Amino acid sequence: VASTKKRGSKKGTGTLNNNNNYQKDVAHLNDENVKKSVSCANLSSYEEQALAPLQGTNGKIPSVKNVTSSTNYPSGGSPKRVIVQASTSELLKCLGEFLCRRCYRLKHLSPTDPILWLRSVDRSLLLQGWQDQAFVTPANVVFVYLLCRDVIDGDLVATEHDLQATLLTCLYLSYSYMGNEISYPLKPFLVESGKEAFWDRCLRIINT
């Protein structure tokens, strides 16, 4: 019985010692965490003190100041985004008016004439089954306009036939770049009996 009590007392004292050691370890870890938190707090306060002069009158950043002052931004600080939306009919009308102004020698040219030429080709390809949907869309009309702006010279366009030939050549190249099909027939785009003049115009436009 005495040996049992001694063993029990040894076991009890061992458990108490373990608890004491555990509490010491916990206290030590708590002290370390407090020290780390204090050092982090000191570090953050130091960073704020170091960055403070940049926000005052003495600390200046000329490059940033010059960039913001050179652009005319509204009071909000961000530029306004301008979005222009136009329908296909409106863009075609603008294209027709542009061609009338560019081709000043064509006194009887109407803004609706180039529109009819473009619509006729698009409708012909739809009816013949060369395309499933109309090609004349706002994005494609803008592409045609960009080609016409760089290619058509008002001093060289003497007749409506010349304008139609050049415009339909630009339209064919637009189909080649922007169209959904692999290839398209030449006949709807031709205004001459031969193909040589058409291909010469294509090469001239590509090399421009």
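Please treat every number below as a calculation from the coordinates, not as lab data. All figures in this text were calculated on a predicted structure; none of them were measured in a lab. Backbone-built Cβ (ideal geometry, glycine too); neighbour counts: all protein chains shown.
If you go through the stretch 97-138 and keep only what is in a helix (DSSP H, G or I), within 15 Å of Leu186 (Cα to Cα), of a type outside the set (Gly, Ala, Ser) and touching a residue at least 12 places away in the same chain (Cβ under 8 Å), you end up with Trp117, Leu118, Val121, Asp122, Leu125. When each of Asp155, Asp150 is tested for being of a type in the set (D, E, K, R) and over 29 Å from the mean Cα position of the chain (by Cα), the lone residue that passes is Asp155.
Among the numbered conditions (1) in contact with a Cys (Cβ under 9 Å, 6 or more places away or on another chain); (2) in a loop (DSSP other than H, G, I, E, B), the only one that Leu167 does not meet is (2). Across the stretch 178-208, which residue is nearest to Leu147 (Cα to Cα) among those that are part of a loop (DSSP other than H, G, I, E, B) and β-branched (Val, Ile, Thr)? Only one residue tops the list, namely Thr208.
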